[in-house]
Amino acid sequence: MMTNLFSVFDPSTSILNLSLNWMSTLLGLLLIPSMYWLLPSRFSFIWMNLISTLHNEFKTLLGTSGHKGSTFIFVNVFSLILFNNFLGLFPYIFTSTSHLTMTLSLALPLWLSFMIYGWINHTQHMFAHLVPQGTPPVLMPFMVCIETISNLIRPGTLAVRLAANMIAGHLLLTLLGNTGPSCSMTLLSILIMGQLLLLTLESAVAIIQSYVFAILSTLYSSEVN
């Protein structure tokens, strides 16, 4: 009787003659996040240091009046643009950040949310921004028009700056690459070296443009508080 009772605990579950009973021992490891039992790689260290630096810089730009946790929005925007910019450097991969559809979809909601929040919660502050300090009374109507126009074109400048910079480098790489079949071996070697240098420059542009987009978005956000 006792033998039959404890026999239910014998290893008996199997698929294709492979015992699955002992797999339960390893299931616990799968449930534990890898950060608790694996050492982070060098890439993880570099990425975490970069994110921490950006977080501290955005927090400084937002100041004490900024909402807690709002820096992570701009860090995520930076990460998204950087990821898409670098993906576009690989052959036969669509560069989404070189199209206004993508860049405007990022810039317009951010700018619109800043404007709605500022005009609803800090109306007097927003009106004060339309007239810079020390403006003569005669020039005040013109300054209001200029500041209004500069505010309205901000999402457009953010979107066009990112798209134009990504298009320019890719276009130059494509034009130089298309001249390869008609070049001699000497010119071809020079062309390949030039392409590698341009690719290095485009890698730097991918980082700089994502940083500029995130920094300008942070500055626009800090103006409405």
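Scanning region 157-168 for residues that are farther than 18 Å from PHE86 by Cβ and in contact with a Leu (Cβ under 8 Å, 6 or more places away or on another chain) returns LEU158, ALA159, VAL160.
Taking (1) touching a His at 6+ places or on another chain (Cβ under 7 Å); (2) within 18 Å of PRO91 (Cβ to Cβ) in turn, LEU173 satisfies each apart from (1).
For region 34-55, filtering for residues that are within 30 Å of ALA214 (Cα to Cα), free of Cβ contacts under 8 Å to residues at least 24 places away in the same chain and of a type outside the set (Gly, Ala, Ser) leaves 12. Among the residues of region 87-116, the ones that are surrounded by 17 or more Cβ atoms within 10 Å (Cβ to Cβ) and of a type in the set (Phe, Trp, Tyr) come to 2 in all.
Of the listed requirements (1) of a type outside the set (A, V, I, L, M); (2) under 30 Å from VAL131 (Cβ atoms); (3) modelled with pLDDT under 85, PRO181 misses just one: (2).
Kindly indicate whether any position in region 126-145 is under 30 Å from ASN56 (Cα atoms) and touching a residue at least 40 places away in the same chain (Cβ under 8 Å). Taking every residue of region 126-145 in turn, at least one turns out to be under 30 Å from ASN56 (Cα atoms) and touching a residue at least 40 places away in the same chain (Cβ under 8 Å).
If we keep just the residues of region 148-166 that are loosely packed, with under 15 Cβ neighbours inside 10 Å and of a type outside the set (Ser, Thr, Tyr), which is farthest from the chain's Cα centre (by Cα)? Full working, then the answer.
Here is the first cut: in region 148-166, the residues loosely packed, with under 15 Cβ neighbours inside 10 Å are 148-150, 152-153, 157, 164.
From the residues that got through so far, the ones that are of a type outside the set (Ser, Thr, Tyr) too are 149, 152-153, 164.
Values: ILE149: 27, LEU152: 23, ILE153: 22, ALA164: 17 Å.
Selected residue: ILE149.
Scanning region 64-106 for residues that are assigned to a helix (DSSP H, G or I), of a type in the set (Gly, Ala, Ser) and farther than 19 Å from LEU198 by Cβ returns SER79, SER96, SER105.
When SER210 is tested against (1) within 29 Å of the chain's Cα centre (by Cα); (2) modelled with pLDDT under 85; (3) within 21 Å of LEU108 (Cα to Cα), exactly one condition is not met: (2).
Output yes when any residue across region 176-186 is closer than 21 Å to GLU223 by Cβ and exposed (fewer than 14 other Cβ atoms within 10 Å of the Cβ), and no when none is. Within region 176-186, not a single residue is closer than 21 Å to GLU223 by Cβ and exposed (fewer than 14 other Cβ atoms within 10 Å of the Cβ). Right, PRO109: part of a helix (DSSP H, G or I), under 29 Å from the mean Cα position of the chain (by Cα) and touching a residue at least 24 places away in the same chain (Cβ under 8 Å) or not? No, not satisfied. In this structure, LEU30 qualifies as part of a helix (DSSP H, G or I), at pLDDT below 85 and either over 24 Å from the mean Cα position of the chain (by Cα) or closer than 22 Å to TYR211 by Cβ (or both).
Any idea which of SER203, SER221, SER210, SER217 is in contact with a Gly (Cβ under 9 Å, 6 or more places away or on another chain), touching a residue at least 40 places away in the same chain (Cβ under 8 Å), assigned to a helix (DSSP H, G or I) and surrounded by 12 or more Cβ atoms within 10 Å (Cβ to Cβ)? Outline the logic, then answer.
Numbers: SER203 fails: in contact with a Gly (Cβ under 9 Å, 6 or more places away or on another chain); SER210 fails: in contact with a Gly (Cβ under 9 Å, 6 or more places away or on another chain); SER217 fails: in contact with a Gly (Cβ under 9 Å, 6 or more places away or on another chain).
Only one candidate qualifies: SER221.
The values are calculated or read from the model by the stated rules, or taken from the named source; none is laboratory data. Predicted model only: the values in this text are computed from it and were never measured. A quick note on method: Cβ atoms are made from the backbone with ideal geometry, for glycine too, and the neighbour counts reach across all protein chains shown.
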